1. Quick test for you: out of E260, E247, E241, pick the one residue that is acidic (D, E) and within 15 Å of the chain's Cα centre (by Cα).
2. When you check H213 against the structure, is it open to solvent by 10 Å² or more (accessible area, probe 1.4 Å) and either in contact (Cβ under 8 Å) with a residue 24 or more places away in the chain or not in a helix (DSSP H, G or I) (or both), yes or no?
3. Yes or no: segment 173-196 includes at least one residue that is part of a loop (DSSP other than H, G, I, E, B) and small (G, A, S).
4. For I12, which of the numbered conditions (1) of a type in the set (A, V, I, L, M); (2) loosely packed, with under 13 Cβ neighbours inside 10 Å; (3) under 26 Å from N173 (Cα atoms) fails to hold?
5. Are there any strands (runs of 3 or more DSSP E) wholly within segment 240-352 with 1 or more residues that are within 27 Å of Q207 (Cβ to Cβ), touching a helix residue (DSSP H, G or I) at 6+ places or on another chain (Cβ under 6 Å) and among the hydroxyl-bearing types (S, T, Y), and if so which?
6. Please verify whether H379 is in contact with a strand residue (DSSP E or B) (Cβ under 8 Å, 6 or more places away or on another chain), at pLDDT 95 or above and of a type outside the set (A, V, I, L, M), treating the condition exactly as stated.
7. Six or more apart or on different chains, Cβ atoms under 7 Å: show the pairs whose first residue is in segment 308-336 and on the phi < 0 side of the Ramachandran plot and whose second is among the aromatic types (F, W, Y) and surrounded by fewer than 17 Cβ atoms within 10 Å (Cβ to Cβ).
8. Checking V157 against (1) within 24 Å of K69 (Cα to Cα); (2) open to solvent by 10 Å² or more (accessible area, probe 1.4 Å); (3) free of Cβ contacts under 8 Å to residues at least 40 places away in the same chain: exactly one of these is not met. Which one?
Amino acid sequence: MTIGVGGSTPEIELAKLSDMTKDIVPISELEYQTRIHKAQRLMKEQNIAAIYLDAGTNLYYFTGLKWYKSERMVGAILPVTGDLIFIAPQFEEGSLRDHMLIQGKFYGWHEHESPYQLFANILNELAITGGQIAIDESAAFFIFDGLRTAAPHYQYVNASAITATCRQHKSANEIALLQQAKDMTLKVHQAAAAILKPGISTVEVSQFIQQAHKKVGAKGGSSFCIVLFGVATSFPHGVKEPQILKENDWVLIDTGCLVEGYNSDITRTYAFGEATHEQRIAWQVEKDAQVAAFNAAQLGIACGKVDDAARAILIQNGFGPDYNLPGLPHRTGHGCGLDIHEWPYLVRNNPTKLEVGMVFSNEPMLVIPTKFGVRLEDHFYMSENGPVWFTEPSSSLDDPFGLQQ
C-alpha cells in the first residue's frame, strides 16, 4: 500500500502552505553587467559585430527587461563594444523605460515605419558597416527576414553560440533561485498527493496545484501542470481528456513554477492504493535509471554519456533498446533556467562536456504502452565536486516523498 497519499482536503493542505519567497535575492545589476561583458568578450573572439536580443528570455537574461513577444519588433542591440541600445515601437518607450534595469539608448519606430530599416540605420551609426550580426535564436522568422531584406550586406548568424554559452553556466545566485523554485514545487507535490481520493478529477488536482503554487509564493501559480491517472500516464505529456481517480490507480504529476523567472520542473509517479507487481518492477527500474544518470554526470563527461547510462539500465532490465517501447522514448534530461527546456541536453551523442554551473533535469521516463508510464524527475547542478541534487529524489514507491523515514 502506498503510504502518505490521500486522506486530506484541499482546504487543509492549502492552510499548511506559506510564502517561501520572502528571502530570495533577485539578480543584481552588477550580475547583468557581468553577463553583458562576457557576451562581448565571446563576440570579439568569434568576430561578431553585434547581437540582436529579441523580447523573451535572452533579452531578460542580459538586460533584466521582461517583455513579451508579439508581431512588433521589440529588443536590444548589443554591439561588440559599447552600451546596449533598445529598439521598440515609439509608443512603448515609457513602458520599456519603466521596466528597464540596465539603461540604454532608446530608438523608436512609428507604426508606418520599418523597424528593420531602423535596425540597419543604428548599425551604421555605430560604424558597423559589414561583418557578422548574430540574431537571437528565439526570434521569429519574420524578424530575421525583415533584417536581411533591409540590410543584406551583413552576414547573419545564430546568436546561440553566445547566448547558450553564457546561459548554460549558472551563477551562485541563479542556482539559489532555481533551488527555491524547486523546493516550492516539491512542497506542492506533497500537498497534491495528500488530497487524492476516489472520484477526484485531474482537472481538480491541477486547479489545486495552481492555488498551492500561489500559496508558496509563485506569483503566477503553476508555470505548467500535467496530472495523469491510469493508462494516461503512458503518454509522456498527457492526453486531451481528463481522468477520474479510482482505487489502486496509477498517478503521474509533473509541474513547476517560476521564481524571478527561473523554473522548477518536478515529476512524481506512484500508486493510489495497491501497485501491481509489474508497476513495482517498472518503478524500481526507473529509479535505478535515474540514479545511474546522476552517477554518470561527472565533470568533463559528455552529456550523451549520461543518457547512455540511463538507457543501459533499461536495456539490462529488458526495455528498449534505443528509443523503442516499452522503454525510454525521449532524452534523459534537459537544461533548465529561464527557459524550462534549454541548453545543454542529456541526449545521445551530445559531445558537450559537463562543466561547473550547468543545470539538468534527470527524467529517463519508462513508458509501457497501453498500460502505464513511470517518470521520476528531479534536477541537479554541477558543482566543483560533481553533481548535486536540488531536490531529494523519490525514495520508494511506498513512500514517494520520504515522509515515513
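The values are calculated or read from the model by the stated rules, or taken from the named source; none is laboratory data. Since we're looking at a predicted model, the values are computed, not measured. Note that we place each Cβ from the backbone using ideal geometry, even for glycine, and neighbour counts take in every protein chain shown. Side chains included, ligands, DNA and RNA excluded: accessible areas come from the protein's heavy atoms. Shrake-Rupley method; radii C 1.70, N 1.55, O 1.52, S 1.80 Å.
1. Going through E260, E247, E241 in turn, just one is acidic (D, E) and within 15 Å of the chain's Cα centre (by Cα): E260.
2. Taking the combined requirement at face value, the residue does not satisfy it.
3. no
4. (3)
5. Because the criterion is at least 1 residues that are within 27 Å of Q207 (Cβ to Cβ), touching a helix residue (DSSP H, G or I) at 6+ places or on another chain (Cβ under 6 Å) and among the hydroxyl-bearing types (S, T, Y), the strands (runs of 3 or more DSSP E) in segment 240-352 that meet it are 249-256.
6. Yes.
7. The qualifying pairs are P329/Y323.
8. Exception for V157: condition (3).
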